[in-house]
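Please treat every number below as a calculation from the coordinates, not as lab data. A quick note: this is a predicted structure, and the numbers were derived from the prediction, not measured. Quick reminder, even Gly has a Cβ in these numbers, built from the backbone with ideal geometry, and neighbours come from all protein chains shown.
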């Protein structure tokens, strides 16, 4: 693995950084305070190609590699994890599953709309009673002639209230458990499909999170992604992509914590000198820096394997576990460096903590990542 970025990767990183500083950072505090989703930022990201970095050009994408995707998510996550969440759901959990498992008709129909931001997508797996236990979904799919009727509820769905296309996982035969799961591409304007926005979140306040409600939603048979029984495989594959995006964004959070803490520690004086000169302040900042470097290397190792097209579930889970927990540690240290000011939203570090915590929960909790890593290390499945 070459640790140096290519000229193209450097260009993408710099473009993402400039855009984040110019277009996203200035309004991040207000959007968070007032739970404002700014669609214009997503439209601008689409014009840069950042809504489809790893899609082939034939479908409207940039045709870039996974390291480039990570760099984009890092820079966006450095200033606003809500925007990064919207972006990574669009890319990792919607576009890439269609690219990998879809028919050519499905790709041609949906990917260009997602790539240019005309449509937003969401990933409908989690339910009120099924999060980590994805094999026991209660949403049902019943064949009705040339259509499937979907009935059920999905919970904690990022982009759910704004999406034009939902990737919905449903059970076709409960007796088959995981082998009965199927995935469906559902256009959200279909009769029977509705949403309820979830409010009062601890973090990611300016991203949209919703409950999806499906009441006899009729989906054409040709909108099944893969075959009956492929749903569990598709969901797990998609989560590998999503975890990579979450981990990349967490690297950005850590970098944001470092930047904010260094600036504050240089500006803040106590006992006649900048607090940046105090040993224990330097210890907290150095801990953040070490976590940043380690998390970034783990993410880029997973991206390197993705570029090679080899299985990377273990490496992606390690990256997601480490980066998400490290982001929480970094945010706690950053608040400590800022003292009382860190406890208010006058500075961004309290938002970093609130936004970082969800990364240890969604797309597989830290405990689930440990079970995945343990299974792949010992060969023994602790899930069963």
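Can you sort 338, 304, 269 from fewest to most other Cβ atoms within 10 Å of each residue's own Cβ? Walk me through the numbers before you get to the answer.
On the way: 338 22, 304 18, 269 11.
Exposure proxy ranking, most exposed first: 269, 304, 338.
For the Cα atoms of the chain, what angle does the longest principal axis make with the long axis of helix 313-338, in degrees from 0 to 90, nearest 10?
Approximately 40 degrees, to the nearest ten.
Taking 0.36 nm per residue of separation and subtracting the Cα-Cα distance, what length does fully extending residue 147 through residue 34 add? Walk me through the numbers on the way to the answer.
Details: separation 113, 0.36 × 113 = 40.68 nm, distance 4.14 nm.
Gain in length upon complete extension: 36.5 nm.
Write down Rg/Rh for the stretch 13-53, rounded to two decimals, with Rg from the C-alpha atoms and Rh from the Kirkwood relation over Cα pairs. Before the final figure, lay out each step's value.
Numbers: Rg = 10.8 Å, Rh = 10.8 Å.
Ratio of gyration radius to Kirkwood radius for the stretch 13-53: 1.00.
Would you mind putting 327-337, 224-234 in packing order, based on average other-beta-carbon counts within 10 Å, highest first?
Numbers: 327-337: 24.4, 224-234: 18.7.
Ranked by mean Cβ neighbours within 10 Å, highest first: 327-337, 224-234.
Which of the peptides 249-261, 112-124 is most tightly packed, and how do the rest follow, judged by the mean count of other Cβ atoms within 10 Å per residue?
Working: 249-261: 27.5, 112-124: 21.6.
Those peptides, ordered most packed to least, come out 249-261, 112-124.
Taking other Cβ within 10 Å of each residue's Cβ, how do 132, 158 sort, fewest first?
132, 158
If you project the alpha carbons of the stretch 7-115 onto their three principal axes, what span does each projection cover, largest first, in Å?
Cα spread of the stretch 7-115 along its principal axes, largest to smallest: 42, 34, 18 Å.
Between Rg and the Kirkwood Rh of the stretch 148-201, both from Cα atoms, what is the Rg to Rh ratio?
Details: Rg = 12.5 Å, Rh = 12.5 Å.
Answer for the stretch 148-201: 1.00.
Using only Cα atoms, tell me the angle between helix 349-359 and the longest principal axis of the chain; keep it within 0 to 90° and round to the nearest 10.
30
Any chance you could give the angle, 0 to 90 degrees and rounded to 10, that helix 104-115 forms with the longest Cα principal axis of the chain?
Tilt relative to the chain: about 30 degrees.
Please report, in Å, the Rg and the Dmax of the stretch 86-137, where both are computed over Cα atoms only.
12.7, 35
Would you mind ranking 10, 187 so that the residue whose beta carbon has the fewest other beta carbons within 10 Å leads the list? Walk me through the intermediate numbers first.
Values: 10 13, 187 16.
Exposure proxy ranking, most exposed first: 10, 187.
Would you list the P(r) distribution for the stretch 121-229, with all Cα-Cα distances sorted into 10 Å bins from 0 and each bin expressed as a whole %?
16, 50, 28, 6, 0
List the relative contact order of the chain as a percent without decimals, with contacts defined as Cα pairs under 8 Å and 6+ residues apart.
Values: 747 pairs, mean separation 61.5, N = 384.
Relative contact order of the chain: 16 percent.
Reported to two decimal places, what Rg/Rh ratio describes the stretch 244-335 when computed on Cα atoms with Rh from the Kirkwood expression? Provide the component values of the computation, followed by the final result.
Numbers: Rg = 15.6 Å, Rh = 13.8 Å.
A ratio of 1.13.
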